[in-house]
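Here's a structure for you.
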Amino acid sequence: MKSHRKLLWFQTQARTEIIDITEEVDAAVRESGISEGLALIYPMHTSAAVYVSDSDRALTEDLASLLARLAPPGAGYAHDASDPKGNADGHLKAILCGHHVSVPVSEGRLDLGTWQCVYYAEFDGQRDKEVQVRILGV
Amino acid sequence: MKSHRKLLWFQTQARTEIIDITEEVDAAVRESGISEGLALIYPMHTSAAVYVSDSDRALTEDLASLLARLAPPGAGYAHDASDPKGNADGHLKAILCGHHVSVPVSEGRLDLGTWQCVYYAEFDGQRDKEVQVRILGV
Amino acid sequence: MKSHRKLLWFQTQARTEIIDITEEVDAAVRESGISEGLALIYPMHTSAAVYVSDSDRALTEDLASLLARLAPPGAGYAHDASDPKGNADGHLKAILCGHHVSVPVSEGRLDLGTWQCVYYAEFDGQRDKEVQVRILGV
């Protein structure tokens, strides 16, 4: 059994922005030399999330809109009282998205379904953020 | 350490339908020969989710109703613009449910709490869908 | 490869209460003797969830308020029809929070981001509840 740790860095242009990171994560899996197991794809921050969904880019807008409706920015959050820039909504959105994912690894690659991509959802962006890919297997 | 990969297939009668798959997943764990570790239960699709919850069937109706309220079908989604049959709500519901789960494995079985079942939630059904069970352990 | 199983017990004073369990989980990782891998932190119940978020305690109030708005108690749930004490909202909130988490393990410790804590969110409290920490790695 092997365990491989890889850090990826992302920076978005907008405060809320969702980007496809499938290729970067798959490269980390390939370089691990692990053939069969799983990859944990884990943001080292709490106002960002990694999730798996459909390859259609338009759907990322739908998700951003849904999350803005469920947890709107600046809605009188206790967390924002001590910090006027206010990123409570970003933390809440990350929890609703599940924060991190585990994806099977087969034949040395991410074992994704046909239309699946791995997305990095940034909810308090415009600075460097770290995602750890932890691969475990044989 | 061993890694075992098993594919399960499910087809629902209704577009939205939640079914208990605990028995099928536990059978996959038993056949793996892995005694201690974890099972990743991972839909190979993005309009379906696997989650763990209470054994009461009535609760599956409550979840379906909640998700229909949070992400109603046909609510002007960007994803649906390019596809008139419109399954954007299904993708969004799968994300809100967390898409996949990891469950501990002990003594060669799923190590579930007393009232816990593993559910497959289909949000764009009436066709064959694949769930991968990936077991990792000793 | 090793697999280590540790049970932690928590009891909250209030029906809904969120507590920081980072220290207890990290102690379980240290005692496992596993250096590199991952920790699955898994409630053995379905009206409680474990999630990772920011260290600010005020944010736990914001999350409790958000969940109370999305899945209010006693809102005519089918699950509550057979049980007048009514904890359907608790089950639904646990699903929306993702129920359980996986966290990387490095150098024998939880490999958390700078501001990350592990939280236990109780949605039907005032009795003993069990959380399994399952550590897998080398």
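When region A:42-78 is examined, which residues are found to be of a type in the set (A, V, I, L, M), assigned to a loop (DSSP other than H, G, I, E, B) and over 23 Å from A:R127 (Cα atoms)?
Within region A:42-78, A:A75 is the sole residue that qualifies.
Here's a follow-up. Among B:R15, B:R30, which is out of contact with any Lys or Arg (no Cβ under 9 Å at 6 or more places or on another chain), farther than 18 Å from A:D111 by Cβ, surrounded by fewer than 17 Cβ atoms within 10 Å (Cβ to Cβ) and touching a residue at least 40 places away in the same chain (Cβ under 8 Å)?
Of the residues listed, the single one that is out of contact with any Lys or Arg (no Cβ under 9 Å at 6 or more places or on another chain), farther than 18 Å from A:D111 by Cβ, surrounded by fewer than 17 Cβ atoms within 10 Å (Cβ to Cβ) and touching a residue at least 40 places away in the same chain (Cβ under 8 Å) is B:R15.
Right, something else. When the residues of region B:69-83 are filtered to those that are out of contact with any Asp or Glu (no Cβ under 7 Å at 6 or more places or on another chain) and either buried (at least 24 other Cβ atoms within 10 Å of the Cβ) or within 12 Å of chain C (Cβ to nearest Cβ) (or both), which remaining residue is farthest from B:I41 (Cα to Cα)?
Looking at the filtered set, the residue picked out is B:R69.
Taking region A:88-117 as the region of interest, how many residues are among the charged types (D, E, K, R) and either touching a Gly at 6+ places or on another chain (Cβ under 8 Å) or free of Cβ contacts under 8 Å to residues at least 40 places away in the same chain (or both)?
Qualifying residue count for the region: 2.
So how many residues does region C:44-68 have that are of a type in the set (A, V, I, L, M), in contact (Cβ under 8 Å) with a residue 40 or more places away in the chain and away from chain B (no Cβ under 14 Å)?
Number of matching residues: 2.
So in region C:84-116, with the set limited to residues that are under 19 Å from C:E31 (Cα atoms) and outside any loop (DSSP other than H, G, I, E, B), which one is farthest from the other protein chains (Cβ to nearest Cβ)?
Checked region C:84-116; the qualifying residue farthest from the other protein chains (Cβ to nearest Cβ) is C:R109.
Examine region A:50-59 for a residue that is surrounded by fewer than 23 Cβ atoms within 10 Å (Cβ to Cβ) and in contact with a Lys or Arg (Cβ under 9 Å, 6 or more places away or on another chain), and state whether such a residue exists.
Scanning region A:50-59 turns up no residue that is surrounded by fewer than 23 Cβ atoms within 10 Å (Cβ to Cβ) and in contact with a Lys or Arg (Cβ under 9 Å, 6 or more places away or on another chain).
Residue by residue through region A:117-138, note down the ones that are crowded, with 17+ Cβ neighbours inside 10 Å and either at positive phi or outside any strand (DSSP E or B) (or both).
Within region A:117-138, A:F123, A:D124, A:G125, A:G137 qualify.
Only one of these is in contact with a Leu (Cβ under 6 Å, 6 or more places away or on another chain), of a type outside the set (G, A, S) and more than 9 Å from chain C (Cβ to nearest Cβ): B:E24, B:E31. Name it.
Result of the check over B:E24, B:E31: B:E24.
Ok, one more. May I ask you to verify whether B:I41 is more than 22 Å from A:Y119 (Cα to Cα), aliphatic (A, V, I, L, M) and within 13 Å of chain A (Cβ to nearest Cβ)?
Criteria not met by B:I41.
Does region C:71-108 hold any residues that are farther than 13 Å from B:A58 by Cα, within 16 Å of the chain's Cα centre (by Cα) and aliphatic (A, V, I, L, M), and which are they?
If the condition is that a residue be farther than 13 Å from B:A58 by Cα, within 16 Å of the chain's Cα centre (by Cα) and aliphatic (A, V, I, L, M), then C:A94, C:I95, C:L96, C:V101, C:V103 are the ones that fit.
OK, next. Can you name the number of the only condition in (1) in contact with a Gly (Cβ under 8 Å, 6 or more places away or on another chain); (2) more than 21 Å from A:L96 (Cα to Cα); (3) part of a strand (DSSP E or B); (4) not basic (K, R) that C:A14 fails?
Here C:A14 clears every test but (3).
Further question on the same structure: Do the conditions hold for A:V101, that is, is it touching a Lys or Arg at 6+ places or on another chain (Cβ under 9 Å) and of a type in the set (V, I, T)?
no
Bear in mind these aren't lab numbers, they're just calculated from the coordinates by the rules spelled out. Predicted model only: the values in this text are computed from it and were never measured. Heads up, the Cβs are rebuilt from the backbone with ideal geometry, glycines too, and the neighbour counts pull from every protein chain shown.
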